[in-house]
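Worksheet: the structure to be examined is printed underneath.
The values are calculated or read from the model by the stated rules, or taken from the named source; none is laboratory data. It should be emphasised that the depicted structure is a prediction, and the values quoted were computed from it without experimental measurement. Note: ideal-geometry Cβ built from the backbone for every residue, glycine included; neighbour counts use all protein chains shown. Side chains included, ligands, DNA and RNA excluded: accessible areas come from the protein's heavy atoms. Shrake-Rupley method; radii C 1.70, N 1.55, O 1.52, S 1.80 Å.
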Amino acid sequence: MRELVTVLEAATQARARGEGLLLATVVKVEGSTYRRPGARLLLSEERWLAGAISGGCLERDLVAKAWWRTASGAPALVTYDSTTPDEGVAWSFGLGCNGIVHVLLERLGPAGPLDPIQFVRERLARREPGVLATVFRAEPNTGAHPGDRLLLAPGSAPAMTLEASAPAAAALRGLAERALAAGESRVEELLAGGRLEAFAERLAPPPELVVFGSGYDVAPLVELARSLGWRSVVVASRRGPTLRAALEAADAVVICGPGEAAREVVLGPRSAAVVMTHNLVEDAGYLRAALASPAPYVGILGPRSRTDRLLRDLKLPDGLAARLRAPVGLDLCAEGPEEIALSIVGEVQAVLAGGSAAPLSTRSSPIHPRAAGLP
């Protein structure tokens, strides 16, 4: 998420300077690759501005050749294949993943209603999902061309570069609607008067970390979450000297007591709540509000015996109590606020992304599940 935010910020700054921009997006992968569809690289005519689509090997080639490849002004699809029997090709790019990466290159004009950068920025700012569906291969009879795009936000009519009467328009809209409904990105080959391939990227708002507490250990946790591009909210019953650092790092601060938390603090399906006030009475009140919310992650700092005492006093329904992560965080043998923050953020990331938090060395399957439609 942080990388995406960095790309958006770099695009805004470059446009303010009047620089030309080129966006390289991974739209399809086959086999083992370093990045997945949706990875982006932003270039000016002189340099690499932000983002990445590989470990650095493909970026060097794009910095040197991307503007030349799009000299006509039309988008171009570039394929990097490290499965080729020609070892010289793989060695020339430093590839060793044994996969194929398809990258769409687009020159970006001024920001406008169909600008992909602007659409992504709006989705993140509103904390709402959306789908960015982009054609990257198309036969002539489809009425589509590489770079044609459809933007879909919930509750709104889609906006697209295609003519509404083009055979590809309905097919692309169907792909976008499937991606939005499934909550996942998709790469599909479609039939619409001919064959076309498109990548529908499902955009999700960044995770939100809500920390209940005002101690000196809150600031490192908030700062780490922010470094990942997450939104962070600090909830405290009062302002105090130890809250100052957290105030500077957090996106929002809510001052309210435990009895007001259910009304004043909004926890949604992308929220993670961590209770760490170091006060039994306050922890109990905030914990009750957090567990009653739809937040998929609720954790509490402190030893298990302390939490068991809190739960006995609260007398929560079994279903609510079972949701609690206690003690909060992964077993990293953490000592000190910064290490504890790493432990907590690691567990939140695993829960929200559906990971196991087990060592990758014990995993026999691919690290990332294949997006729908991918080989």
Q: For segment 234-242, indicate whether the set of residues that are open to solvent by less than 10 Å² (accessible area, probe 1.4 Å) and within 21 Å of PRO296 (Cβ to Cβ) is non-empty.
A: yes
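How many residues are farther than 17 Å from PRO75 by Cβ and surrounded by 19 or more Cβ atoms within 10 Å (Cβ to Cβ) when one looks only at segment 154-166?
So the first thing to find is which residues in segment 154-166 are farther than 17 Å from PRO75 by Cβ, and the list is 154-159, 163-165.
Those left that are additionally surrounded by 19 or more Cβ atoms within 10 Å (Cβ to Cβ): none.
Final tally of qualifying residues: 0.
Within segment 173-268, which strands (runs of 3 or more DSSP E) (wholly inside it) include 3 or more residues that are within 30 Å of LYS28 (Cα to Cα) and of a type in the set (A, V, I, L, M, F, W, C)?
Working: elements: 186-191, 195-203, 208-212, 231-236, 252-255.
In segment 173-268, the matching strands (runs of 3 or more DSSP E) lie at 186-191, 195-203.
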Q) Taking segment 45-62 only, how many residues are surrounded by 17 or more Cβ atoms within 10 Å (Cβ to Cβ), touching an Asp or Glu at 6+ places or on another chain (Cβ under 8 Å) and part of a loop (DSSP other than H, G, I, E, B)? A) 2
**Q.** Lone qualifier among GLY213, GLY193 - being surrounded by 22 or more Cβ atoms within 10 Å (Cβ to Cβ), at positive phi and over 26 Å from the mean Cα position of the chain (by Cα)
**A.** GLY213
Q | Criterion: farther than 16 Å from LEU224 by Cβ, at pLDDT below 90 and assigned to a helix (DSSP H, G or I) - qualifying residue of LEU320, LEU374 | A | LEU320
(Q) If the requirement is being assigned to a loop (DSSP other than H, G, I, E, B) and either at pLDDT 90 or above or within 9 Å of LEU151 (Cβ to Cβ) (or both), which of these qualifies: LEU132, LEU114, LEU104? (A) LEU114
Q: Pick out the one residue from ALA326, ALA357, ALA341, ALA334 that is open to solvent by less than 90 Å² (accessible area, probe 1.4 Å) and out of contact with any Asp or Glu (no Cβ under 9 Å at 6 or more places or on another chain).
A: ALA334
Q | segment 68-101, residues that are open to solvent by 20 Å² or more (accessible area, probe 1.4 Å), assigned to a helix (DSSP H, G or I) and at pLDDT below 90 | A | GLU87, GLY88, VAL89, TRP91, SER92, PHE93
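Before we move on, is LYS65 modelled with pLDDT of 90 or more, among the basic types (Lys, Arg) and part of a helix (DSSP H, G or I)? Write out each step before concluding.
Details: modelled with pLDDT of 90 or more: yes; among the basic types (Lys, Arg): yes; part of a helix (DSSP H, G or I): yes.
For LYS65, the condition - modelled with pLDDT of 90 or more, among the basic types (Lys, Arg) and part of a helix (DSSP H, G or I) - is met.
Looking at segment 257-269, which of the residues that are within 17 Å of GLU208 (Cβ to Cβ) and surrounded by 15 or more Cβ atoms within 10 Å (Cβ to Cβ) is modelled with the lowest pLDDT? Give the steps one after another, and end with the answer.
Pass one, segment 257-269, residues within 17 Å of GLU208 (Cβ to Cβ): 261-262, 264-269.
So of that shortlist, the ones also surrounded by 15 or more Cβ atoms within 10 Å (Cβ to Cβ) come out as 261-262, 265, 267.
On the way: ALA261: 94, ALA262: 91, VAL265: 95, LEU267: 95.
Only one residue tops the list, namely ALA262.
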Q: Mind telling me which of the residues LEU151, LEU172 ends up being over 22 Å from the mean Cα position of the chain (by Cα) and surrounded by 19 or more Cβ atoms within 10 Å (Cβ to Cβ)?
A: LEU172
**Q.** Any chance ALA272 is open to solvent by less than 50 Å² (accessible area, probe 1.4 Å), closer than 27 Å to SER185 by Cβ and out of contact with any helix residue (DSSP H, G or I) (no Cβ under 8 Å at 6 or more places or on another chain)
**A.** no
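Quick one: in segment 25-39, which of the residues that are among the hydrophobic types (A, V, I, L, M, F, W, C) and touching a residue at least 40 places away in the same chain (Cβ under 8 Å) is farthest from PRO110 (Cα to Cα)?
Of segment 25-39, the ones among the hydrophobic types (A, V, I, L, M, F, W, C) are 26-27, 29, 39.
Of the ones still in play, those that are also touching a residue at least 40 places away in the same chain (Cβ under 8 Å) are 26-27, 29.
On the way: VAL26: 22, VAL27: 23, VAL29: 29 Å.
Going through the qualifying residues, I end up with VAL29.
Got a sec? Which of VAL281, VAL253 is surrounded by 14 or more Cβ atoms within 10 Å (Cβ to Cβ) and within 19 Å of SER214 (Cβ to Cβ)? Even if it seems obvious, please write down each step before you answer.
Values: VAL281 fails: surrounded by 14 or more Cβ atoms within 10 Å (Cβ to Cβ).
VAL253 is the lone residue from the list that is surrounded by 14 or more Cβ atoms within 10 Å (Cβ to Cβ) and within 19 Å of SER214 (Cβ to Cβ).
Output the residue which, of all residues in segment 135-148 that are part of a helix (DSSP H, G or I) and open to solvent by 40 Å² or more (accessible area, probe 1.4 Å), is farthest from GLY38 (Cα to Cα).
Initially, segment 135-148 is screened for residues part of a helix (DSSP H, G or I), giving 140-142.
Remaining after also requiring open to solvent by 40 Å² or more (accessible area, probe 1.4 Å): 140-141.
On the way: PRO140: 26, ASN141: 27 Å.
Ranking the qualifying residues of segment 135-148, first place goes to ASN141.
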Q. Taking segment 283-319 on its own, how many of its residues are under 28 Å from the mean Cα position of the chain (by Cα) and aliphatic (A, V, I, L, M)?
A. 9
**Q.** Which numbered condition LEU301 misses (of (1) open to solvent by 20 Å² or more (accessible area, probe 1.4 Å); (2) at pLDDT below 95)
**A.** (2)
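From the list LEU22, LEU42, exactly one residue is open to solvent by less than 30 Å² (accessible area, probe 1.4 Å), in a strand (DSSP E or B) and free of Cβ contacts under 8 Å to residues at least 40 places away in the same chain. Which is it? Reasoning before the result, please.
On the way: LEU22 fails: free of Cβ contacts under 8 Å to residues at least 40 places away in the same chain.
Being open to solvent by less than 30 Å² (accessible area, probe 1.4 Å), in a strand (DSSP E or B) and free of Cβ contacts under 8 Å to residues at least 40 places away in the same chain holds for just one of LEU22, LEU42, which is LEU42.
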Q.
Can you confirm whether ALA295 is modelled with pLDDT of 95 or more, open to solvent by less than 20 Å² (accessible area, probe 1.4 Å), under 24 Å from GLY183 (Cβ atoms) and assigned to a loop (DSSP other than H, G, I, E, B)?
A. yes
